[in-house]
Amino acid sequence: MAPTLIGDLTGALLMFILTWIALGLGFAVAGDDGVERSTFPLVLSMRNPGLALLIVQRMAPNAVDLKAAVVGYVVVTAVGTAPFMQWRKANASQAQITGDV
């Protein structure tokens, strides 16, 4: 997986950018509930890579590069969502301190 991402840094960067766009859209669309504002962006940013792996396995079981790309996408998404998760955790902690829960 790592050679696939390193070999196509433009693709990895696009995956990262798309993850942040999805996080932003999810946050904008979510309601006022704090849990929803944290969960919806994460769900939107993941876009079901497990289903993508299943489709690749069914349609092209020997396509190792394609499987590596999907797994690479999962890793890039996980790395891309980490700052968002830290930010939401900090906001939730601050809301508890100030009583804005």
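The values are calculated or read from the model by the stated rules, or taken from the named source; none is laboratory data. Everything quoted here is computed from the prediction, not taken from an experiment. Methodologically, a virtual Cβ is constructed for each residue, glycine included, from the backbone with ideal geometry; neighbour enumeration extends over all protein chains shown. When the accessible area is computed, the model is the full protein with side chains, heavy atoms only, and any ligands, DNA or RNA have been set aside. Shrake-Rupley method; radii C 1.70, N 1.55, O 1.52, S 1.80 Å.
For the chain, a simple Cβ point-charge model (Lys and Arg +1, Asp and Glu -1, everything else neutral) yields a dipole of about 220 debye relative to the Cα centre.
Which order do Val56, Val74, Val35 take when ranked by solvent-accessible area (1.4 Å probe, heavy atoms of all protein chains), largest first? Numbers along the way, then the final one.
Numbers: Val56 15, Val74 55, Val35 100 Å².
My answer, sorted largest first, is Val35, Val74, Val56.
A straight chain from Leu14 to Ala82 at 0.36 nm per residue would run longer than the Cα-Cα distance by 22.8 nm.
Would you work out what percent of the accessible area of the chain, with all protein chains in place, is carbon or sulfur (probe 1.4 Å)?
70
Using just its DSSP H runs of length 4 or more, each adding -39500 (n - 2.57), the chain gives a mean residue ellipticity at 222 nm of -28500 deg cm²/dmol after division by all residues. Probing with 1.4 Å while keeping every protein chain in the model, the per residue accessible area of the chain equals 66 Å².
The HN-Hα couplings worked out from phi for segment 72-82 by the Karplus form 6.51 cos²θ - 1.76 cosθ + 1.60 (θ = phi - 60°) are x, 4, 4, 5, 4, 5, 4, 5, x, 8, 4 Hz, whole numbers, x standing for Gly and Pro. The phi-based Karplus calculation (6.51 cos²θ - 1.76 cosθ + 1.60; θ = phi - 60°) puts the 3J(HN,Hα) values of segment 54-69 at 4, 5, 4, 4, 6, 8, 8, x, 9, 7, 5, 5, 5, 5, 5, 5 Hz, whole numbers, x for Gly and Pro. Annotation: amide H-H contacts under 5 Å for Asp8 (H modelled 1.01 Å from N, sequence separation of 5 or more, or interchain): none. Evaluating 6.51 cos²θ - 1.76 cosθ + 1.60 at θ = phi - 60° for every residue in segment 33-40, the Karplus couplings come out as 5, x, 5, 5, 5, 8, 6, 4 Hz, glycine and proline recorded as x. The length gained by stretching the chain between Leu25 and Arg58 to full extension, at 0.36 nm per residue less their Cα-Cα distance, is 8.7 nm.
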